1. Would you please give the residues with an amide H less than 5 Å from that of Leu45, counting only those at least 5 places away or on a separate chain, with H modeled from the backbone geometry?
2. Mind checking the dipole of the chain: about its Cα centre, +1 per Lys or Arg Cβ, -1 per Asp or Glu Cβ, Debye to the nearest 20?
3. Between Ala402 and Arg303, what length comes free when the chain is fully extended (0.36 nm per residue of separation minus the Cα-Cα distance, one decimal in nm)?
4. Filter the GluC sites (Glu not before Pro) in the range 291-381 to those in DSSP coil with at most 16 other Cβ atoms within 10 Å of their Cβ, and list the result.
5. Once you have all Cα-Cα distances for the chain, histogram them in 20 Å bins from zero and send the whole-percent values.
6. Sequence gap at least 6, Cα distance under 8 Å: using those rules, report the relative contact order of the chain to the nearest whole percent.
7. Tell me, what HN-Hα J-couplings in whole Hz come from the Karplus equation 6.51 cos²θ - 1.76 cosθ + 1.60 at θ = phi - 60° for each residue of the range 106-112, using x for Gly and Pro?
8. Going by how many other beta carbons lie within 10 Å of each one, how would you line up Ile47, Ile199, Ile332, fewest first?
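Read the figures in this text as sums done on the coordinates, not as results from a lab. Predicted model only: the values in this text are computed from it and were never measured. Neighbour counts are summed over all protein chains in view; Cβ atoms, including those assigned to glycine, are modelled from backbone coordinates with ideal geometry.
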Amino acid sequence: MHMVDEKVIQAAKERYGELLERQLKRVEGLKQEGDWTDFSGLDRLIIGVCGGDGIGPYICASAQKVMEALLEERIASGNIEIRQIDGLTIERRVEVMKAIPDDTLAELKRCHVILKGPTTTPKKGDPWPNIESANVAMRKELDLFANIRPVSVPELGIDWTFFRENTEGGYALGSDGYHVSDDLVMDFCVATVQGTERILRAGFDHARKTGQNYVSVITKANIIKATDGLFLSLAEKVAEDYPDVEWDDWFVDIMAAKLIDPARRSDFRVFVLPNLYGDILTDEAAQLQGGVGTAGSANAGKRYAMFEAIHGSAPRMVAEGRAQYADPSSMIKAVAMLLDHIGEAEKAKRLDMALDICVQFERKLVMTGRSSGATGDEFAEYVMDTVHRDDLEQAWEGYVHAAKAKNVCL
Ligand code: IPM
Ligand code: MG
């Protein structure tokens, strides 16, 4: 072999060795993992609020008002503390050249749960240095392995919950791809038994707990045989512990089609899928619900949990002076999920119903992203007024019933 090639291969092997070492260490950590935190047992629950950047601080502030109104008593009694955490802006991250500045990470780790606005993720060619995504880093640092993304369109019979693996797959080493030579670059995809099994169990547990009893596992195991192959074979194993839960498996390409197939889509309930497929399919699914601006997500780990929108920071809206018109629905949805996570299921349910009414049915205020529509704060107020309606539940049921009747052939 050519001398230069040997040097190139030696350097790549060393780099690969370092990555393997880090991942094997991670597996050892996963083996020691404890149980889920029980938030109901805490004397004082700390909720960190981290606005992010771009439209993040705007929509996060509107959502925070909703959250604080719903938790008013617990905040007043000192049972819940809200902590503002700055420092996740792109300027600050670039200044210290880190995905999450150390002091910000330390502050985040002192909270139990976090409400987080979108953060700008640089890519090659942007004016920013190409640092790792703050989102991805936070998911890895706090081990937020379950990205839970509900999508519901009652009139189409759509009631889906996606369990996206959040710390492995193509994302684990997404910023550690290797430039082997001038002509060759390689990325890596990671799956561990522990990491795969825990997301599968989270999905199956959810299907059982909610009585939906149906899980669809999504891979491309016919092509990506090692990591997706593991995902699928562990699904078979985990499913044995849930004989009451029906399950099937699909390849991601055909599932992308089935999600928009009116004849099939209303059959699906819970999806469990690797990181990248989850990223892609959840944007597609959210579009059916009214766009990514309406979808919230939980990033849950056994110790910490972070709640956020599923979309980015829309810097263009800020540059054009339209940030106050950004739709906070996604972040308010994230608040509903946060409430559910900390044991406020009833409040979460009311907020979910109010969001359905405001976003999909009644639409007294409409967000257009410009001055032709409502501001985020006005919309948040509309949602809160709806939460407080005495007839909330009946109104919601009425809307859903009417919408379903319009779509008799779902
Ligand atoms: C999401 C986003 C993120 C992701 C980006 C911003 C890093 O698209 O939460 O789906 O790819 O996971
Ligand atoms: Mg995404």
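1. For Leu45, whose amide H was placed from the backbone, the distant partners under 5 Å are Ile80, Glu81.
2. Result for the chain is approximately 220 debye, rounded to the nearest 20.
3. Extending this stretch completely gives an extra 31.5 nm.
4. Listed in order of number, the matching sites are Glu320, Glu362.
5. Here the calculated profile for the chain is 25, 58, 15, 1.
6. It comes to 19 percent, rounded to a whole number.
7. Those phi angles translate into 4, 5, 4, 6, 8, 9, 8 Hz.
8. Ile47, Ile199, Ile332
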